[in-house]
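The values are calculated or read from the model by the stated rules, or taken from the named source; none is laboratory data. Keep in mind that what you see is a predicted model, and the values were worked out from it rather than measured. Counting neighbours? That spans all protein chains shown, and the Cβs are built from the backbone with ideal geometry, glycine included. For accessibility, only protein heavy atoms count, side chains too; no ligands or nucleic acids. Shrake-Rupley method; radii C 1.70, N 1.55, O 1.52, S 1.80 Å.
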Amino acid sequence: MPALEYQLPFTSEVAAETAALRSRLSNVIPDAEWQLFAPYIAAINRLKKERDAVILAHNYQTPEIFHGVADIVGDSLALAREAVSATAGTIVLCGVHFMAETAKLLNPAKRVLIPDQEAGCSLAASITAADVRLLRERYPGVPIVTYVNTSAAVKAESDICCTSGNVKEVIESLGVPRVICLPDRFLAANVAQQTKVEIIAWAGACEVHERFTADDIKTFRAMHPGVVVLAHPECPPEVVEAADYAGSTAGMIHYVDKKRPPKVVLVTECSMSDNVAVHFPELSFVRPCNLCPHMKLITLPKIYACLRDNAPAVEIDPDVAERARQAVERMLMIPLPA
Ligand code: 13P
Ligand code: SF4
C-alpha cells in the first residue's frame, strides 16, 4: 500500500463544497478533524467519478467515510447483495478483507479494491480451509454453514454461507436435524436458542463483541434508566439474553428507525452509534466503545490513494473462487428475513 505522502490542503473551495455535509456531521466530527477530512472527501468524490468507481462501506466505518464518501452503506448481507448488482467498473470496499473478497466472488468482472489489504478479522483468522476439511471428515454428511466473516478458501469448503442477518433462515432452509455452523461460537450459540436444529460450533469469536459482558448491560441500565439495549449476535449469549433485541447491524438500525427509543445503546462496534446518530439527532445514544482495529485501518487518505493508484486489487484463485461463489450464491437465494 503506497503511503500517502502529504495532507491535502483545506481551501475555501473545499470548505464551500463540503459545507452541507459539515453541518450534518457537526455532532460527530470536531472542527479540527474536519479540516483534515474535508479535502479528502472532496477529492475522493471527484476521483470516484473519474474512475467509474462505486464505494461500498460497512456500518462500522467512521462517519467521515460512511457519510462523506460512501455510495452504498450496509451490513455484510446488504453489501454482498449490492456487490452483485454494482454497475460501475470498480468497486471500492471500505470494510475488511473478507467483504472485499465476497464482492469479488459475486462480481468477478469488476475491479474490486480495498484501501488496506491488512484489514482482517479475528473470526476469519480463526479457521482455515484445512480445518473445514477435517470437520467434514469428522461429521460426514452434516452440512457446513459458514459465516461470511471467513476467507474465500474457507467458503470454498462450505455448503452455504450466512450472515448475522440470515443465519437462522439459512440453517432452517437446509431441512436437516444437524448442521456445522462456523466459525463464531457465539453466533452459533445464539442461533441455537432460536432453532430446533442441532448446531455444531467452531471456537472462533469476534474480538470486538466477545468483550461485552452481561454486567456491562446491567451497568448501562443502572446508569441510564429506560435505555433500550440492542446487541449484535456476535456477543456472548448472556449479553444477548440481557438485551432487548439482538440483530445484525442493519437489524439494529431498522429497530431504531421503527421504534425510535428515546435512549438507546448499540452493543457493538464504536462507529455504529456515530453513524446512526447522524440520522436520528433527536435520540440519545449511550456509546460503549469497543473498536474494531481492522475496520479502523480504512482511512480517507488510503481510499484516496487506492482510487488514484487503482490498487490494491483483490484477486482470488479461480478454482477457490468458483466453489466459494456457489456457497455465497446459495445464501443469496434464501429469501430475506421479514
Ligand atoms: P453485520 O454488519 O453483518 O451485522 O456484521 C457485523 C460485523 O462484525 C462485520 O464485521
Ligand atoms: Fe471481524 Fe469483529 Fe472486526 Fe467485524 S467487528 S471485522 S467480526 S473483528
Requested in this report: State whether the residues of the range 254-268 include one that is closer than 23 Å to Met223 by Cα, part of a helix (DSSP H, G or I) and open to solvent by less than 30 Å² (accessible area, probe 1.4 Å).
Outcome: yes
Query raised in the report: Regarding Ala38, is this residue within 19 Å of Thr299 (Cβ to Cβ) and out of contact with any strand residue (DSSP E or B) (no Cβ under 8 Å at 6 or more places or on another chain)?
Result: yes
Report summary line: Selection over the range 174-190 where residues are farther than 21 Å from Val154 by Cα and open to solvent by less than 60 Å² (accessible area, probe 1.4 Å) yields a count of 2
Report task. Give the residues of the range 287-310 that are more than 19 Å from Ile41 (Cβ to Cβ) and under 21 Å from the mean Cα position of the chain (by Cα), sorted by residue number. Result -> Arg287, Pro288, Cys289, Asn290, Leu291, Cys292, Pro293, His294
Query raised in the report: Taking Val276, is it open to solvent by less than 40 Å² (accessible area, probe 1.4 Å), of a type in the set (Val, Ile, Thr), under 21 Å from Ile72 (Cβ atoms) and in contact with a helix residue (DSSP H, G or I) (Cβ under 8 Å, 6 or more places away or on another chain)?
Result: yes
Query raised in the report: Yes or no: Phe37 open to solvent by 10 Å² or more (accessible area, probe 1.4 Å), among the aromatic types (Phe, Trp, Tyr), closer than 30 Å to Val167 by Cβ and in contact (Cβ under 8 Å) with a residue 40 or more places away in the chain?
Result: no
Query raised in the report: Does Glu13 satisfy the criteria of being within 29 Å of Leu123 (Cβ to Cβ), at pLDDT 95 or above and part of a helix (DSSP H, G or I)?
Result: no
Query - the range 105-151, residues that are away from ligand 2 (no atom under 16 Å from the Cβ), among the aromatic types (Phe, Trp, Tyr) and open to solvent by less than 20 Å² (accessible area, probe 1.4 Å) - result: none
Query - Test for Ala327: is it away from ligand 2 (no atom under 16 Å from the Cβ), out of contact with any strand residue (DSSP E or B) (no Cβ under 7 Å at 6 or more places or on another chain) and either outside any loop (DSSP other than H, G, I, E, B) or within 11 Å of Pro115 (Cβ to Cβ) (or both) - result: no
Report summary line: How many residues of the range 196-232 are more than 16 Å from ligand 2 (Cβ to nearest atom) and not hydrophobic (A, V, I, L, M, F, W, C)? The answer is 11
Report task. Give the number of residues within the range 292-315 that are surrounded by fewer than 16 Cβ atoms within 10 Å (Cβ to Cβ) and in a helix (DSSP H, G or I). Result -> 2
Query - Boolean, Pro318 is open to solvent by 40 Å² or more (accessible area, probe 1.4 Å), at pLDDT 95 or above and more than 30 Å from Pro39 (Cβ to Cβ) - result: yes
Query raised in the report: Which of the strands (runs of 3 or more DSSP E) contained wholly in the range 61-154 include at least 3 residues that are over 30 Å from Trp34 (Cβ atoms) and within 16 Å of ligand 1 (Cβ to nearest atom)?
Result: 144-147
Query - In the range 203-243, the residues that are on the phi < 0 side of the Ramachandran plot, open to solvent by 40 Å² or more (accessible area, probe 1.4 Å), of a type outside the set (Asp, Glu) and more than 16 Å from ligand 1 (Cβ to nearest atom) - result: Ala203, Thr213, Lys218, Thr219, Arg221, Ala222, Met223, His224, Pro225
Query raised in the report: Do we find a residue being open to solvent by less than 10 Å² (accessible area, probe 1.4 Å), touching a residue at least 12 places away in the same chain (Cβ under 8 Å) and within 13 Å of ligand 1 (Cβ to nearest atom) anywhere in the range 279-291?
Result: no
Query raised in the report: Is one or more of the residues making up the range 243-250 in a helix (DSSP H, G or I) and either over 13 Å from the mean Cα position of the chain (by Cα) or more than 13 Å from ligand 2 (Cβ to nearest atom) (or both)?
Result: yes
